[in-house]
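Accompanying notes for the structure given below.
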Amino acid sequence: MERIIGNLDKAKLKLDEAFFYLDEIEELIQEDGLSETAGSKVAQATDRLTNELSALSGKVAELQEILRALDEQQDASDDSG
């Protein structure tokens, strides 16, 4: 159970970071025309966002595995009881 809670906390942090990067991209796009520098910043922010979302997907998959294992454990406990 502690592992699930820890992973949920990590997933929340990753989501917070992803939203921060989304806000950064939105602010850059709203500027009057994208200069070369702004375009580069948008590309960098997009890369960071992609990495954060990828990490989040990994955490979600790990949580799914944990929940499946807990469900199987519960089923086995119910069958033996």
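The values are calculated or read from the model by the stated rules, or taken from the named source; none is laboratory data. Small disclaimer: the values here were computed from a predicted structure and weren't measured. A quick note on method: Cβ atoms are made from the backbone with ideal geometry, for glycine too, and the neighbour counts reach across all protein chains shown. Accessible surface is based on the protein model in full, side chains and every heavy atom, while ligands, DNA and RNA are left aside. Shrake-Rupley method; radii C 1.70, N 1.55, O 1.52, S 1.80 Å.
What are the pairs with Cβ atoms under 9 angstrom where one residue, in segment 19-30, is of a type in the set (D, E, K, R) and the other, located anywhere, is open to solvent by 50 Å² or more (accessible area, probe 1.4 Å) and in a helix (DSSP H, G or I)? Sequence gap at least six, or different chains.
24/41; 24/48
Return a yes/no flag: does segment 11-24 have any residue that is more than 15 Å from the chain's Cα centre (by Cα) and exposed (fewer than 14 other Cβ atoms within 10 Å of the Cβ).
Within segment 11-24 (the criterion being more than 15 Å from the chain's Cα centre (by Cα) and exposed (fewer than 14 other Cβ atoms within 10 Å of the Cβ)), the answer is yes, since at least one residue qualifies.
Please go through segment 38-77 and give me each residue that is open to solvent by 90 Å² or more (accessible area, probe 1.4 Å) and farther than 20 Å from residue 3 by Cα, ordered by number.
41, 44, 47, 51
Within the set of pairs 6 or more residues apart or between chains, which connect a residue that is in contact (Cβ under 8 Å) with a residue 40 or more places away in the chain inside segment 65-78 to a residue that is surrounded by 10 or more Cβ atoms within 10 Å (Cβ to Cβ) and assigned to a helix (DSSP H, G or I) with Cβ atoms less than 6 Å apart?
66/4
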